[in-house]
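Presented below is the structure to which this report refers.
The values are calculated or read from the model by the stated rules, or taken from the named source; none is laboratory data. The structure presented is a predicted model; accordingly, all values stated were derived computationally and were not measured. Cβ: placed from backbone, ideal geometry, glycine included. Neighbour counts: every protein chain shown. SASA here: full protein model, heavy atoms, side chains in, ligands and nucleic acids out. Shrake-Rupley method; radii C 1.70, N 1.55, O 1.52, S 1.80 Å.
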Amino acid sequence: MLAAVVTVPCVAYAFSSLDELGDGVFRKIRQGLGITAFGANAVVLAPGVTARPHYHDEQDELYFVHQGRAEFRLPGETRELGPGGLCHVESTTPRVITSVGNEDLVLIVVGAKDGYVGRDGHDTDAAQLG
């Protein structure tokens, strides 16, 4: 089943799940949900698997550990995080992540550049929502 994308004038949203985004290590959340403002992916690593060491030219990344245990190796520090753990890595900082638990590691990775937009939320009428 593909992600459901709904667009109405001035209204757009999408739903999906990691299973709906396919199998394998790298699952493209951004593409699957039609996100254009930032990058979003899921990374699924079996126990003992190490992702490729990398850095970016411009894109900072935020990692959220959804399931399993992740070892983050960064210059000068190694840290293990479990479910609910967060790690922000600036673009040019080299990093490598290893699945160190007994179950698959599921990371949600959000990437972006050019900074914070600012607080631009507005109240809405809950009675008009599904």
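Points to keep in mind about this one:
- A 1.4 Å probe, protein heavy atoms only, puts the accessible area of residue 113 near 110 Å².
- Percent of Cα-Cα distances greater than 15 Å, calculated over the stretch 82-130: 69 percent
- Hydrodynamic radius of the stretch 30-86 by the Kirkwood approach over all distinct alpha-carbon pairs: 13.3 Å.
- Per-residue ³J(HN,Hα) for the stretch 72-78, Karplus 6.51 cos²θ - 1.76 cosθ + 1.60, θ = phi - 60°, Hz, x for Gly and Pro: 9, 9, 10, x, x, 7, 10
- Sulfur and carbon atoms: percent of accessible area, the chain [1.4 Å]: 53 percent
- Applying a DSSP loop filter and a limit of 10 other Cβ atoms within 10 Å to the GluC sites (Glu not before Pro) in the stretch 23-80 leaves 58.
- Sparsely packed chymotrypsin sites (Phe, Trp or Tyr not before Pro) within the stretch 51-118, loop by DSSP, other Cβ within 10 Å at most 12: 116
- Cα-Cα pairs of the stretch 1-113 separated by more than 16 Å (percent): 61 percent
- In the context of the full set of protein chains, residues of the chain present 69 Å² of accessible surface per residue (probe radius 1.4 Å, heavy atoms only).
- Stokes-Einstein translational diffusion, the stretch 7-61 - Kirkwood Rh over all Cα pairs, 0.692 mPa s, 37 °C, in µm²/s: 245 µm²/s
- The stretch 92-125 residues near the modelled residue 14 label - backbone nitrogen below 17 Å, point 7 Å along Cα→Cβ: 108-112
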